[in-house]
Amino acid sequence: MSTQNDPNAKGIKTLDKDLNRIWLLEQATAFTSRPLVGPGIAGVFMILAGLAAATVMGATVGAWVVVVAAVVGAYMAVNIGANDVANNMGPAVGAKAVTMGGALLIAAVFETAGALLAGGDVVSTVSRGIVSPESVAEPQVFIWAMMAALMAGALWINLATWLGAPVSTTHSIVGGVMGAGIAAAGFAAVNWPVMAKIAASWVISPVLGGVMAAAFLAIINNRILYREDKMAAARTWVPILIGLMGGVFATYMAMKGLKKIVKFDLHEAILIGIVVAIPLVFIMRPIIRRQSRGLENRVKSVKVLFAIPLVLSAALLSFAHGANDVANAVGPLAAIVHAVQDGAAGDRVQIPYWVMVVGAVGLSVGLMLFGPKMIKVVGSEITRLNAMRAWSVALAAAVVVIIASWLGLPVSSTHIAIGGIFGVGFYREWYHEKVLKENRDMSALPVEERTRRKVVRRAHLMTIMAAWVITVPATAALSAALFYAATLLAGLR
């Protein structure tokens, strides 16, 4: 029977066409709305932070200021999680020691634990002596200065994450405080010797990280990878290297990660590291011997032995990061809460627990929603990493922080980690071209192709260096502008 004149058949065809159009519209809507899911969830978290602040503050005079500050502090914490946490987990993901999902889960757990269990319970309200407290002693001026600093730092880190540039969150908030301080009380309010030290750290941090990471990789190459019997060399040296890692991280955690629970000076922390390192070497020897049985005598087999230590080091770095850098998100917020409740700015203030929760949860939210992009940049787009190279970067980051603390140098963990990645990349270029004398003549290739084939991607080097150099001046200028606008609207001008 023909369906040409059948009205039911024509109706079904029309219905199919309409349904197909609806399906295509739904697909298009889902595709275009997907990028909005992350910001939407982040927005909900910021609203919840504001509601938490409103609940805690109640009918206190100036409570609305704390609510606004809580929303901005939550925004800052999300951005720190999106940008800064990648420095710890990126190398492990790039080395394929852990999946992206596993890295996000590990980092979220350890960042949150570090912030809540060992996060600094006291923070300097003037961001480590950047601005003289007396110069912004007026409570209203101080509150808006801290608000402007927090917002400027968050906006800058958000922009850097969007551009794919890992920047120092500490330098971002320091620049914000400096800019607001200058806008509030003039250039004389800024402690310029401290700012000079911070500027020097732009060079010190990445250079120390790069040199140290290259040195560790050179030891691994010379003692294990370039030996004829790699497995025999690994059974000797891997336990020693893991013992060294355990000792360094024990020292690092004693100094940086557990200071809220118990405080150790440098000598005590080093002694703890030695006590951990020596037994660990003897414990790991039979484990590595058993793990290496049946493995082929090649570099790929050695990578297997470094995978678990690499993941553990990334987890410990995340814990220490949560303990230390959560203050960048909630320090100014805590200062604002103190100023509203006490009616004055204090040199040092207690961080309320609800404020610490906002910071801790914000780090994890930012990491889970926006962290994968930066983890990919750090882990695979600067240079190719394997377990040994990533392990060298992680260990270098811990060692340099310890050395810097001993010398009193203000270094950035972000700059150290990224410097370490560039360090292992440039070391590989040097070793293959100068020592192994490999024929890498690419003079016949176009300039773009020669650049692409380099071990270290120069485009990322220039982007990251530019972001580092302009972080403090950019956040300072933005903070000053926000402070002027806020005080104008608040009727303080």
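Just the residues that are in a helix (DSSP H, G or I) and either modelled with pLDDT under 80 or crowded, with 18+ Cβ neighbours inside 10 Å (or both), please, taken from the range 254-269. Step through it out loud before you land on a result.
Within the range 254-269, the subset in a helix (DSSP H, G or I) is 254-257, 266-269.
Answer for the range 254-269, where residues must be in a helix (DSSP H, G or I) and either modelled with pLDDT under 80 or crowded, with 18+ Cβ neighbours inside 10 Å (or both): Ala254, Met255, Lys256, Gly257, Ala269.
Residues in the range 153-199 that are among the aliphatic types (A, V, I, L, M) and free of Cβ contacts under 8 Å to residues at least 24 places away in the same chain: Leu159, Ala196. All of (1) β-branched (Val, Ile, Thr); (2) crowded, with 22+ Cβ neighbours inside 10 Å; (3) more than 29 Å from Val455 (Cβ to Cβ) hold for Val377 with one exception: (3).
The number of residues in the range 284-310 that are surrounded by 14 or more Cβ atoms within 10 Å (Cβ to Cβ) and either touching a His at 6+ places or on another chain (Cβ under 6 Å) or in a helix (DSSP H, G or I) (or both) comes to 17.
Is there any pair linking a residue in the range 220-231 that is farther than 18 Å from Ala390 by Cβ to one that is assigned to a loop (DSSP other than H, G, I, E, B) and among the small types (Gly, Ala, Ser), with Cβ under 9 Å and at least six apart or on different chains, and which? Close Cβ pairs satisfying both conditions: Met231/Ser292.
Being crowded, with 21+ Cβ neighbours inside 10 Å, at pLDDT 85 or above and more than 12 Å from the chain's Cα centre (by Cα) is true for just one of Ala323, Ala327, Ala360, Ala339. Which residue is that?
Of Ala323, Ala327, Ala360, Ala339, the one residue that is crowded, with 21+ Cβ neighbours inside 10 Å, at pLDDT 85 or above and more than 12 Å from the chain's Cα centre (by Cα) is Ala360.
Comparison of Val377, Val358, Val337, Val365 shows that the only residue that is among the hydrophobic types (A, V, I, L, M, F, W, C) and touching a His at 6+ places or on another chain (Cβ under 9 Å) is Val377. Taking the range 291-328 as the range and being touching a residue at least 40 places away in the same chain (Cβ under 8 Å) and of a type in the set (Gly, Ala, Ser) as the test, the residues that pass are Ser292, Ser301, Ala307, Ser313, Ala314, Ala315, Ser318, Ala320, Gly322, Ala323, Ala327.
Of the residues making up the range 473-485, those that are farther than 18 Å from Gly186 by Cβ and among the hydrophobic types (A, V, I, L, M, F, W, C) are Ala474, Leu478, Ala485. Checking each residue in the range 60-76 for being hydroxyl-bearing (Ser, Thr, Tyr) and either modelled with pLDDT under 90 or not in a helix (DSSP H, G or I) (or both) picks out only Thr60. Check the range 186-203 and report whether any residue there is at pLDDT 90 or above, surrounded by 20 or more Cβ atoms within 10 Å (Cβ to Cβ) and part of a helix (DSSP H, G or I). No, the conditions are met nowhere in the range 186-203.
The values are calculated or read from the model by the stated rules, or taken from the named source; none is laboratory data. Predicted model only: the values in this text are computed from it and were never measured. Backbone-built Cβ (ideal geometry, glycine too); neighbour counts: all protein chains shown.
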